[in-house]
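What follows is a short report on a single structure.
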Amino acid sequence: MMTVSTNTEKKGLFGRPEKPYVHPYFGGTVLGIVLFLALFLTGNGLGSSGATTRLVAQVEDLISPAHVDQTPYLLKMAGGDKNPIDDWIIPVFFGALIGGFTSGTIFGRTRLETTKGPNVSDRKRWLLAFLGGVLFLYGARMARGCTSGQALTGGTTLAAGSWLIMFAIFGGAYAVAYFVRKMWN
Amino acid sequence: MNFPLPSFLAVSASNPWTYVLFGVIGFAFGFTLEMSGFGNSRKLAAQFYFTDLTVLKVMFTGIAVAMTLTFGAVGLGLLDFSQVWVNLTYVPSGLLGGLIMGVGFIIGGFCPTTSLASASTGKIDGMFFVGGGFVGAFLFGETEKYFTNWYNNAGYYGRLTLMDVFGLPAGVIVLLVVCMALFMFWGAEQLEHIFGKKDLSKEPKLRIYAAGTLFLLALGVALIGSPSTDQKYSKATILRTVDDKPVKYSADEALAQRLVQIVPAELFKTRYDQKVRLTMIDVRPEADYNLFHIRGAINIPAPQLKAHIPSLLATSAANSIYVVISNDETLATQAWKLLVAESLPNVYLLEGGLNNWIAVFGKTDPQIQPLASSLDEQLKYSFPAALGDRYTCADPDPIENEKIEFTPRIQLQLKRDKSGGGCG
């Protein structure tokens, strides 16, 4: 009879022993080098929320191109014969998915589960994750970039607006953290 | 070699390697985030309860390292900063968007890229966040029309950097940011000790040496400084297509071979070209400009030109053409050199200056009389009044001059379209 693989046994691709996360300063240094190489080689930094928007624009363009041509925000990306997914951020987006999966699998962290605080049910956590995603991407499009495209990349290139956005993100999160503390602690 | 690599500024089907390179960058990004623990929403949320400040540490280490390396490369003349995407500053939409993102962060437990690392490693909450993200992006696209004017115009400062805000050189800002980051790390560790009951003596000693190294590197960047205009000018190149082959000229060669001096007739015709965005920059003193100038030319006297370069760079589009104008060529050539050194695309100057322009278009104007002046950069004509662009030859008749002939010298070199970069 099969037993559920424990973290100490090595069983196939997804049963590898779980390793701890790397030290934050080491992770940050690698991240900095990746970001530098991106800026150095291509002049573009890192990002991902732009890809979400472009994928949405692509779907809307397939369903109703006339609607896209009448919506100013979508028009810029997908109007007429423009191809919204012909952009550098699309390969970065899919690369990040594969990269995350690869790291998680190598270090034994790829498994179906829900990461949450101890006092919240799975369903509630899923609902709030979904809501958080809606809010985050809405805000990211309003600010023209998310934590990667604005805070990280813009912070590195010393863009004034990006520093403002970075502090606004932390400010918004700290302001609300107290009221949702039961979710995480 | 000049960085960033021109062929990798954007993806293009004609160069499939661009997709590969951006894919590899994304891969490394996702890998790094996952191995730092960003696939776990609880670890991310702990940032906001002071028990585990991994988010702050990873983010600011990343920024400090990338920034030090980037501005080090700029200072050494390896990297052309004007070709690096700098997020444009929109104050109110950035602030409000940032606050909304913060609320989304603490409720959802992720930010967009970390949710990718989470969803791809089988975390169900990560998948829900990604799904919600698509809905949020959809909602923004559909509702933007209700506040499009505010979104696109309010508090817009263009390509504004902290160097412009504080009036300090890049190297000094880099040093200050690194010091701030190191101070924040110290504070973060104290908070983790108080709120997260973390034993700081178990932290690796190596981090102290790493902090010292980073500080010394940043100090080095501050000491190197930014490359001077002369240094940038000596590296500037002008691309031209000769017999269907691309040829690279140094800026001085292009000047000597008169590749960038356009005759009045070509400027005249370019003013009516709908495909390009022409900016005529009149670099003479204001008095001369008020006396006479070509209609549509803007006046930026030569001593003030340098201060206007950031805004010129911020507003330059892929089809922008700049023509520098003075009375003769001397002043315009100096201005041309400055603009080329700062990587403004498609810069030309008016051959023979306005004296030549009037000689071509103003012969029949009875108001304008030739003067016997042999001094360089002085108008060789007398004007009855400072009418500016209200003389006939300030805006020559397009029908009368329709058949005017010339050998074209303008070749549009497509550079990055600034509106297409970045995350946005």
Point to revise | Residues listed by number, segment B:329-344, amide nitrogen under 13 Å from B:Leu239 label point at 7 Å toward C-beta | key: none
Point to revise | Residues in segment A:153-170 reached by a label modelled at B:Leu176 [backbone nitrogen below 11 Å; 7 Å Cα→Cβ] | key: none
Exercise for review: Can you grab the distance from the C-alpha centre of segment B:152-180 to the C-alpha centre of segment B:369-418, Å, no decimals?
Suggested key: 39
**Study point:** Kirkwood Rh, angstrom, segment B:57-216 [1 / mean 1/r, Cα pairs]
**Key:** 19.3
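Which value at 222 nm does chain A reach when only helices count, each DSSP H run of 4 or more adding -39,500 (n - 2.57), with the total divided by all residues and rounded to the nearest 500 deg cm²/dmol? Please report the intermediate quantities before stating the final value.
Working: 9 runs with 112 residues, N = 185.
After summing the helix terms and dividing by the residues of chain A, the value is -19000 deg cm²/dmol.
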Review point. Hey, could you pull the Cα Rg and Dmax for segment A:115-185, both in Å?
Key: 14.2, 41
Check your understanding: So what's segment B:134-271 giving for Rg/Rh, alpha carbon basis, Kirkwood Rh from the mean inverse pair distance?
Key -> 1.19
Check your understanding: With N residues in segment B:298-409, what two-decimal value do you get for its Cα radius of gyration over 2.2 N^0.38 Å?
Key -> 1.18
Check your understanding: What nm value, rounded to one decimal, do you get for the distance between B:Asp273 and B:Lys306 when each label is placed 7 Å out toward the C-beta?
Key -> 3.1
Point to revise | For the protein assembly as shown, the spread of Cα positions along each principal axis, largest first, Å | key: 103, 56, 46
Review point. Per the Kirkwood formula on distinct C-alpha pairs, the Rh of segment B:210-365 is how many angstrom?
Key: 17.2
Practice item. Would you mind counting up the charge near B:Arg258? Only other residues with Cβ under 14 Å from its Cβ, with Lys and Arg at +1 and Asp and Glu at -1. Key: -3
Revision key, fill the gap. Taking a probe of 1.4 Å and leaving out DNA, RNA and ligands, segment B:247-393 shows per residue an accessible area in Å² of 43
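If we count every other residue with Cβ under 10 angstrom of B:Thr229's Cβ, Lys/Arg +1 and Asp/Glu -1, where does the sum land?
Details: positive: B:Lys232, B:Lys306, B:Lys337; negative: B:Asp230, B:Glu342.
Residues close to B:Thr229 contribute a combined charge of +1.
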Practice item. Take the Cα radius of gyration of chain B and divide it by 2.2 N^0.38 Å, with N its residue count; two decimals is plenty. Key: 1.25
Exercise for review: Have a look at chain A and give its Rg and Dmax from the Cα atoms, expressed in angstrom.
Suggested key: 19.8, 61
Practice item. Could you tell me which helices of chain B pass both thresholds, a Cα extent of 20 Å or more along their own axis and a mean Kyte-Doolittle hydropathy of at least 1.0, with helices taken as whole DSSP H runs? Key: B:17-35, B:54-75, B:91-108, B:124-143, B:170-195, B:206-224
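With +1 on each Lys and Arg Cβ and -1 on each Asp and Glu Cβ, and nothing else charged, work out how big the dipole of segment A:1-113 is about its Cα centre, in Debye to the nearest 20.
Details: 9 positive and 9 negative charges, 124 e Å.
My answer is approximately 600 debye.
Using a 1.4 Å probe and counting only protein heavy atoms, how much accessible surface gets buried when B and A come together, both sides summed, in Å² to the nearest 100? Can you show the working numbers first?
Values: alone 24280 and 13370 Å², together 26540 Å².
So the buried area, both faces added, is about 11100 Å².
Please give the average number of partner chain Cβ atoms lying within 10 Å of the Cβ of each residue in A:77-88, rounded to a whole number. Mind dumping the intermediate values first?
Values: counts 3, 1, 0, 0, 0, 0, 1, 0, 1, 5, 5, 16.
The shielding value for this peptide is 3.
Give me the net charge of B:Leu96's neighbourhood, meaning all other residues with Cβ under 14 Å from the Cβ of B:Leu96; Lys, Arg count +1, Asp, Glu -1. Intermediate results must be reported in sequence, preceding the final value.
Numbers: positive: A:Arg141, A:Arg144; negative: B:Glu144.
In short, +1.
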Practice item. Would you calculate the separation in nanometres between label points at B:Gln413 and B:Ile208, each defined as 7 Å from the Cα along the Cα-to-beta-carbon direction? Key: 5.2
Study note, to complete from the structure: CD proxy, 222 nm, chain B: helix-only mean residue ellipticity via -39,500 (n - 2.57) per DSSP H run with n ≥ 4, per residue, nearest 500, stands at -15000 deg cm²/dmol
Practice item. Just grab the label-to-label distance for B:Leu76 and B:Ile194, each label 7 Å out from Cα along the Cβ direction, in nm (one decimal). Key: 4.1
**Study point:** By average C-beta atoms within 10 angstrom, highest first, the peptides B:180-191, B:106-117
**Key:** B:106-117, B:180-191
Review point. Shielding of B:197-206 by partners, i.e. mean partner chain Cβ atoms within 10 Å per residue?
Key: 1
Practice item. Consider just the alpha-carbon atoms of segment B:335-377 and return their Rg together with their Dmax, both in angstrom. Key: 14.6, 42
Review point. Ignoring ligands, DNA and RNA, what percent of the 1.4 Å accessible area of the protein assembly as shown is carbon and sulfur?
Key: 65
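In terms of the Cα gyration tensor, with a ≥ b ≥ c the square roots of its eigenvalues, is segment B:105-150 rounded because a/c is under 1.5, prolate because a/b exceeds b/c, or oblate? Let's see the in-between values first.
Numbers: a/c = 3.38, a/b = 2.67, b/c = 1.27.
Note, shape of segment B:105-150 comes out prolate.
From the C-alpha gyration tensor of segment B:34-86, pull out the three semi-axes of the equivalent ellipsoid (sqrt of 5λ each), sorted largest to smallest, in whole Å. Intermediate results must be reported in sequence, preceding the final value.
Details: eigenvalues 203, 21, 16 Å².
Equivalent ellipsoid of segment B:34-86: 32, 10, 9 Å, largest first.
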Exercise for review: Just tell me how shielded B:46-53 is by partners: mean number of partner chain Cβ atoms within 10 Å of each residue's Cβ, no decimals.
Suggested key: 4
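The values are calculated or read from the model by the stated rules, or taken from the named source; none is laboratory data. Just so it is clear, the structure is predicted and the values come from calculations on it, not from any experiment. Cβ: placed from backbone, ideal geometry, glycine included. Neighbour counts: every protein chain shown. Accessible surface is based on the protein model in full, side chains and every heavy atom, while ligands, DNA and RNA are left aside. Shrake-Rupley method; radii C 1.70, N 1.55, O 1.52, S 1.80 Å.
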